[in-house]
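K.L.:
So that we are looking at the same thing, I have put the structure below in structure tokens.
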Amino acid sequence: MKLNLTKDLCFLDIEATGLHVIRDRIIQLGMMKYSPGKSEPEVLDILVNPGKPISKEAIQVHGISEEDVAEKPPFSEHAAEVMEFIGEADLAGYNISGYDLPMLMEELYRAGHELNMEGRRLVDVQRIFYKMEPRNLAAAYRFYCGKNMEKSHEAMADVRATAEVLMGQVEKYEGVNLETDDGKVIEEPVRNDVEALHDFTRDYNMIDATRRLKYNHKGEVVFNFGKYAGKPAAPILSKDKNYFNWILQKDFSYQVKTMVKKLVKEYRENNEE
């Protein structure tokens, strides 16, 4: 089947030196972009030298050794190409919200590029799967596509499988309603519409990909960590300058740092005498 698209939809998957989205680095990036009116997707597959050791645990997962990437260029040399490939496309991937996207955003930011998410829809195939049929990518591929993955944890194999899984999900759940744990019914949440898929997979309470900030029931931005967990961020950051500066200097994502700066600026503007 074909996805109903009103704009480009770019699937992406990364392999990295480890699981920390800020401290670890990308080794391989696979991307596949579907465009309205085109029968075949565009593909971009790059290997990079991460400039730091690859953990043994990571090598056991993806099989890419330091020798494999020793002669490859750093990510910064591919950053402009990656930004051009993505363009204004919506984004999709398997666990893209929690891992692939925040790590890619950090790599791009370090290379002098900012991947603006405003107006860009995000479809997390894992969240559809976990909500409708909880399992992992290989199981999702078997369940929705009726095939076994020949190469798991290889970026292009994973990204191709993810795209096929999303199409299989859309076909399987056509006309299917979801009854939530609290008894509510969501009518046809998985349908051939990127906007609907974005709405279904989006975590509306969380603000940043590393889940450090979130909205409370009043719609206020509150801390989701540390000594101020659950408390409104703007007034605390404005008054506790040491905490504000600590966040800016420590290993927080640039999303968090950008948001706390914005919160302080807006709070002070709104509370000027």
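K.L.:
Filtering the range 73-109 down to residues that are in a helix (DSSP H, G or I) and of a type in the set (Ser, Thr, Tyr), which residue is farthest from TYR130 (Cα to Cα)?
P.N.:
Going through the qualifying residues, I end up with SER76.
K.L.:
Among the residues of the range 181-217, count how many are of a type in the set (Ser, Thr, Tyr) and free of Cβ contacts under 8 Å to residues at least 40 places away in the same chain.
P.N.:
2
K.L.:
Filter the range 89-134 down to the residues that are on the phi > 0 side of the Ramachandran plot and at pLDDT below 95 and list them by number.
P.N.:
ASN95, GLY119
K.L.:
If you take the residues in the range 40-72 that are in a loop (DSSP other than H, G, I, E, B) and small (Gly, Ala, Ser), which one is farthest from VAL21 (Cα to Cα)?
P.N.:
Ranking the qualifying residues of the range 40-72, first place goes to ALA70.
K.L.:
List the number of the failed condition for GLY30; all other conditions in (1) more than 17 Å from the chain's Cα centre (by Cα); (2) touching a residue at least 24 places away in the same chain (Cβ under 8 Å); (3) under 19 Å from VAL123 (Cβ atoms) hold.
P.N.:
(1)
K.L.:
Only residues that are over 17 Å from GLN255 (Cβ atoms) and without any contact (Cβ under 8 Å) to a residue 24 or more places away in the chain: list them for the range 87-135, please.
P.N.:
Of everything in the range 87-135, those that are over 17 Å from GLN255 (Cβ atoms) and without any contact (Cβ under 8 Å) to a residue 24 or more places away in the chain turn out to be TYR130, GLU133, PRO134, ARG135.
K.L.:
State whether the residues of the range 149-158 include one that is exposed (fewer than 12 other Cβ atoms within 10 Å of the Cβ), free of Cβ contacts under 8 Å to residues at least 40 places away in the same chain and of a type in the set (A, V, I, L, M).
P.N.:
Checked the range 149-158: no residue is exposed (fewer than 12 other Cβ atoms within 10 Å of the Cβ), free of Cβ contacts under 8 Å to residues at least 40 places away in the same chain and of a type in the set (A, V, I, L, M).
K.L.:
Tell me which residues, restricted to the range 37-65, are under 20 Å from LEU91 (Cα atoms), surrounded by fewer than 18 Cβ atoms within 10 Å (Cβ to Cβ) and at pLDDT 95 or above.
P.N.:
Selection gives PRO41, GLU42, VAL43, ASP45.
K.L.:
Looking at LEU263, is it buried (at least 18 other Cβ atoms within 10 Å of the Cβ) and more than 17 Å from the chain's Cα centre (by Cα)?
P.N.:
yes
K.L.:
Moving on to the next point. Hey, can you tell me all the residues within the range 192-250 that are hydroxyl-bearing (Ser, Thr, Tyr), surrounded by 13 or more Cβ atoms within 10 Å (Cβ to Cβ) and closer than 30 Å to LEU5 by Cα?
P.N.:
Correct list: THR201, THR210.
K.L.:
Still on this structure, please answer the following. In this structure, is LYS227 in the same structural domain as ALA92 (by TED's automatic domain parsing), basic (Lys, Arg), modelled with pLDDT under 95 and over 13 Å from SER97 (Cα atoms)?
P.N.:
no
K.L.:
Taking the range 144-192 as the region of interest, how many residues are of a type outside the set (Asp, Glu) and either over 21 Å from ASP100 (Cβ atoms) or outside any helix (DSSP H, G or I) (or both)?
P.N.:
22
K.L.:
Looking at TYR130, TYR99, TYR94, TYR141, can you tell me which residue is aromatic (Phe, Trp, Tyr) and surrounded by fewer than 18 Cβ atoms within 10 Å (Cβ to Cβ)?
P.N.:
TYR130
The values are calculated or read from the model by the stated rules, or taken from the named source; none is laboratory data. Keep in mind it's a predicted model, so treat the numbers as computed, not measured. A quick note on method: Cβ atoms are made from the backbone with ideal geometry, for glycine too, and the neighbour counts reach across all protein chains shown.
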